Amino acid sequence: MNVLISSDVEGVCGVDDYEYINGLDKNKLEQGKKWVTEELNVLIDVCFEKGAKKVMVVDGHGKGDNIIMNLLDDRAMILRKHEYRMIEGITDNVNYLILQGYHGKANVANSFTAHSYSSFFFSEVRVNGRSIGESELNAMVAKQLGIKTILLTGTKEAINECQIKGLQTVETKESLSWSTAQSYDQKVVLKKMKEKCEHAFDTKDSIDYIDDEIYNVEIEVELNHLAIAELLAYPRINPKTISFDAPSIEDAYLELMRIGQACKKLYSTIY
């Protein structure tokens, strides 16, 4: 049994304002990394207790430097983001996916750090006309590959958005605004993570896949910058929204990741 843990930062317990993320306060940044690592260690330990032969962890946030490596359980294999970004390693014979530290989708009021893949470039991402977040799209790709998403931890918004029958979840905090939240007691949250991760493996056969179409999909990406929308070689449905069709959700996901990288290059050229 092989398990992939996709780790994000914004939904981690204790990360209650954006200074834990943006790096302006170095002490808060390092403390946030410590909390990310502590949560991962709980999940990694349960995975091996439940019979995992290999546990892979992808640091899915930003540059991928949010885990304190010398504190991380050394039984886990660390993956760096490449083509598949937040779910790097998803094609490497993975059986189960765990989403740790996730946040809600873009364009939701008072949802802590609400965004869909890129708060700087993307205003919203839609699949077949429905606004989606990172937890949902990652679970859709897993579904196409026959991989069950069995556990999701993070904000209430992330949990409410990702509707999977039987999915085990741990809510880590209450969102107060886009930039602030109030975390729950960390000892309690870590205990719940252990219990819910154990239960996820015990009930894995009864956990379903996300209920979304995964073939012949239409993607719409609303961009923040008009100039970038005009320069990208995609049809536009309005001045800032591009669209494209894909034969599968995996193809759509990879194209979306390429769009994100193209936006970075264009932005550096224009501005």
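Details
- Residue match in the range 87-109 (condition: part of a loop (DSSP other than H, G, I, E, B), of a type in the set (D, E, K, R) and in contact with a Lys or Arg (Cβ under 7 Å, 6 or more places away or on another chain)): yes
- With respect to (1) under 29 Å from ALA109 (Cβ atoms); (2) touching a Lys or Arg at 6+ places or on another chain (Cβ under 8 Å), the lone exception for ARG236 is condition (2).
- Residue under evaluation LEU176, criteria (1) touching a strand residue (DSSP E or B) at 6+ places or on another chain (Cβ under 8 Å); (2) buried (at least 21 other Cβ atoms within 10 Å of the Cβ), criterion not met: (2)
- Subset tally (residues that are surrounded by 16 or more Cβ atoms within 10 Å (Cβ to Cβ) and in a helix (DSSP H, G or I)) for the range 15-28: 4
- Scanning the range 97-130 for residues that are in contact with a strand residue (DSSP E or B) (Cβ under 7 Å, 6 or more places away or on another chain), more than 22 Å from LEU145 (Cβ to Cβ), crowded, with 22+ Cβ neighbours inside 10 Å and among the polar types (S, T, N, Q) turns up just one, SER111.
- Any helices (runs of 4 or more DSSP H) falling wholly within the range 153-234 and containing at least 1 residues that are under 16 Å from LEU137 (Cα atoms) and of a type in the set (A, V, I, L, M): 156-161
- Taken over the range 148-199, the residue count meeting the criterion of being in contact (Cβ under 8 Å) with a residue 60 or more places away in the chain and at negative phi is 26.
- All positions within the range 235-254 that are touching a helix residue (DSSP H, G or I) at 6+ places or on another chain (Cβ under 8 Å), among the charged types (D, E, K, R) and in a helix (DSSP H, G or I): GLU250
- Any hit, the range 3-14, residues being over 23 Å from VAL188 (Cα atoms) and surrounded by 21 or more Cβ atoms within 10 Å (Cβ to Cβ): yes
Every read-out reported here was derived from the displayed coordinates using simple, explicitly stated rules and does not represent laboratory data. All figures in this text were calculated on a predicted structure; none of them were measured in a lab. Every residue, glycine among them, receives a Cβ derived from its backbone with ideal geometry; neighbour counts consider all protein chains shown.
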